[in-house]
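Here is the structure we will look at.
The values are calculated or read from the model by the stated rules, or taken from the named source; none is laboratory data. Since the model is a prediction, treat every value here as computed from it, not as a measurement. Backbone-built Cβ (ideal geometry, glycine too); neighbour counts: all protein chains shown.
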Amino acid sequence: MLENHEFLDSLIVGDSGGYPIKSYLITPLLQTRNAAEALFNESQIRTRNVVERTYCRRKLRSDF
């Protein structure tokens with residue numbers, strides 16, 4: 001769906017698992033060169049952690 005641009009303003013927040021570069025996928029930078037890039041990584045990781053905790057809570061409350 002994202003490949004077909006059905007969700008134009010949507011993004012997927014991923015980990016550093018070696019994903020291919022996609023316009024809708026945000027992963028942490030492998031190496032940071034300055035404070036701005038380090039802040040980007042910190043913000044991306046914190047956002048991803050919120051998403052992961054939310055999924056975990058949903059799994060615990062429902063039968064998957």
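Scan segment 42-57 for residues that are farther than 27 Å from GLU6 by Cα and either modelled with pLDDT of 90 or more or in contact with a strand residue (DSSP E or B) (Cβ under 7 Å, 6 or more places away or on another chain) (or both) and the total you get is 1. Scanning segment 44-55 for residues that are surrounded by 13 or more Cβ atoms within 10 Å (Cβ to Cβ) and of a type outside the set (Val, Ile, Thr), we see that the one that is nearest to the chain's Cα centre (by Cα) is ARG48. Taking segment 1-55 as the region of interest, how many residues are assigned to a loop (DSSP other than H, G, I, E, B) and among the β-branched types (Val, Ile, Thr)? Result for segment 1-55: 3.
Listed by first and then second residue, the pairs linking a residue in segment 1-19 that is of a type in the set (A, V, I, L, M) to a residue that is modelled with pLDDT under 75 and part of a loop (DSSP other than H, G, I, E, B), with Cβ atoms under 9 Å apart and 6 or more places separating them unless they lie on different chains, are LEU11/LEU2; ILE12/LEU2. Taken over segment 21-31, the criterion of being more than 18 Å from THR47 (Cα to Cα) and at pLDDT 90 or above is satisfied by GLN31 alone.
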